[in-house]
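Here the structure is laid out as structure tokens; the discussion comes afterwards.
The values are calculated or read from the model by the stated rules, or taken from the named source; none is laboratory data. Since we're looking at a predicted model, the values are computed, not measured. Here the Cβ positions follow ideal geometry from the backbone for every residue, glycine too, while neighbour counts run over all protein chains shown.
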Amino acid sequence: MRVTETRVAVIAALRGLPHAPADAVYGEVSKTLPTTSLQAVYNVLHDLEAHGLARRIEPGDHRSHYELRVGDNHHHLVCTSCGAIADVDCLVGAAPCLTPDDAHGFAVAAAEITFWGECRDCRQSSHEKSPTVPTHT
């Protein structure tokens, strides 16, 4: 791949914003390259993904997010309240981490696992907002 200002800026943005949607990457890139378009950022993200330099993740019904961590078969935690995403290293053993009970003839090369739950900040916020119910004796 040819080195361009936009590609360098997108990679820099992804370094600072792991698990970022394209519009967040564009927001960062446009700070240093104000003439760059959202379409140009999408094109770079697609190119980086096609060359194995970035990974697109699509957790459930959430929009696509991009990260630079590739090739290690890691998994993700996704907050059901705020949408925050965190990396989870391989669960047990070598990739593909989990072995299906029936591979249906497939030669399994990798597994993608997404854990869903509430992040620490959202749990803390929910706890602070909950009214305290007095106990009656």
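Can you name every residue in the stretch 18-49 that is touching a strand residue (DSSP E or B) at 6+ places or on another chain (Cβ under 9 Å) and within 21 Å of Val70 (Cα to Cα)?
Once the filter is applied, which keeps residues that are touching a strand residue (DSSP E or B) at 6+ places or on another chain (Cβ under 9 Å) and within 21 Å of Val70 (Cα to Cα), the stretch 18-49 yields Pro18, His19, Ala20, Pro21, Ala22, Ala24, Val25, Leu45, His46, Leu48, Glu49.
Being of a type outside the set (S, T, N, Q), part of a strand (DSSP E or B), surrounded by 10 or more Cβ atoms within 10 Å (Cβ to Cβ) and modelled with pLDDT under 95: is that true of Val70 here?
In short, no.
How many residues does the stretch 2-59 contain that are in contact with a Leu (Cβ under 8 Å, 6 or more places away or on another chain) and either outside any helix (DSSP H, G or I) or free of Cβ contacts under 8 Å to residues at least 12 places away in the same chain (or both)?
7
Here are some conditions: (1) modelled with pLDDT of 80 or more; (2) small (Gly, Ala, Ser); (3) within 21 Å of the chain's Cα centre (by Cα). Ser125 meets all but one. Which one does it not meet?
Against the list (1) modelled with pLDDT of 80 or more; (2) small (Gly, Ala, Ser); (3) within 21 Å of the chain's Cα centre (by Cα), Ser125 comes up short only on (3).
What's the number of the only condition in (1) under 27 Å from Ala111 (Cα atoms); (2) surrounded by 14 or more Cβ atoms within 10 Å (Cβ to Cβ); (3) not aromatic (Phe, Trp, Tyr) that Ala40 fails to meet?
Of (1) under 27 Å from Ala111 (Cα atoms); (2) surrounded by 14 or more Cβ atoms within 10 Å (Cβ to Cβ); (3) not aromatic (Phe, Trp, Tyr), only one is false for Ala40: (1).
In the stretch 3-10, is there at least one residue being closer than 30 Å to Ala109 by Cα and more than 14 Å from the chain's Cα centre (by Cα)? Even if it seems obvious, please write down each step before you answer.
Quick first cut of the stretch 3-10, residues closer than 30 Å to Ala109 by Cα only: 7, 10.
Subsequent filtering for residues that are more than 14 Å from the chain's Cα centre (by Cα) retains 7, 10.
Checked against the condition, which is being closer than 30 Å to Ala109 by Cα and more than 14 Å from the chain's Cα centre (by Cα), the stretch 3-10 yields at least one hit.
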